[in-house]
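Here's the structure, in structure tokens; my notes come after.
The values are calculated or read from the model by the stated rules, or taken from the named source; none is laboratory data. From a predicted model like this one, the values you see are computed outputs, not experimental measurements. Using ideal geometry, Cβ is built from the backbone for each residue, glycine included, and neighbour counts are taken over all protein chains shown.
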Amino acid sequence: MTRARAFYKDTLRLPHLFDAGPSLAFFDCGGVRLMLAPPEGEVRGTPVIYFLVTGIEETTEALTRRGVRFFQGPHMIARMPDHELWLAEFRDSENNVLALMEERATGRI
């Protein structure tokens, strides 16, 4: 928990809300409350948390300087009528998948 708490607080710089005992930590993730807890029972797979950003390349570079290792850098995954959807994927300190997401306007309609 110490390593995970430090990753979300210090590396990603999410606002830390509070801890509940030694094994739960809560963060504000853009208005969504994120709870970190040790796995319980059978854990199969991991959910992906997408952080909506503007300037995905710059955000990727800033997080890389703070020690984040991206396993897939910024890349376009879909063209929509009015924007392109870009992702950059990485793992947290506990090997959960996270991603930056940018909806880049194209000027098309």
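The table that follows gives values for the structure above.
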read-out	value
Members of segment 1-33 that are at pLDDT 90 or above, hydroxyl-bearing (Ser, Thr, Tyr) and loosely packed, with under 15 Cβ neighbours inside 10 Å	THR2, THR11
Some residue of segment 64-85 being in contact with a Leu (Cβ under 6 Å, 6 or more places away or on another chain) and polar (S, T, N, Q)	no
Test: ARG65 is surrounded by fewer than 14 Cβ atoms within 10 Å (Cβ to Cβ) and at pLDDT 90 or above	yes
Looking only at segment 57-85, and only at residues there that are outside any strand (DSSP E or B) and charged (D, E, K, R), the one that is nearest to the chain's Cα centre (by Cα)	ARG69
Meets criteria (touching a Leu at 6+ places or on another chain (Cβ under 8 Å) and surrounded by 15 or more Cβ atoms within 10 Å (Cβ to Cβ)) for LEU36	yes
Complete set of residues in segment 68-81 that are in contact with a strand residue (DSSP E or B) (Cβ under 7 Å, 6 or more places away or on another chain) and loosely packed, with under 15 Cβ neighbours inside 10 Å	ARG69, PHE71, GLN72, HIS75, MET76, ILE77, ALA78
Residues within segment 93-102 that are closer than 14 Å to THR64 by Cα and over 8 Å from the mean Cα position of the chain (by Cα), tallied	1
Filtered residues of segment 82-109 (kept if among the acidic types (Asp, Glu), in contact with a strand residue (DSSP E or B) (Cβ under 7 Å, 6 or more places away or on another chain) and under 23 Å from LEU12 (Cβ atoms))	GLU89, ASP92, GLU102, GLU103
Every residue from segment 91-109 that is charged (D, E, K, R) and crowded, with 17+ Cβ neighbours inside 10 Å	ASP92, GLU102
Meets criteria (outside any strand (DSSP E or B) and surrounded by 12 or more Cβ atoms within 10 Å (Cβ to Cβ)) for ALA88	no
Pairs, first free of Cβ contacts under 8 Å to residues at least 40 places away in the same chain in segment 1-25, second among the charged types (D, E, K, R), C-beta under 6 Å, six or more apart	PRO15/ASP28; HIS16/LYS9; LEU17/ASP28; ALA25/ARG5; ALA25/ASP19
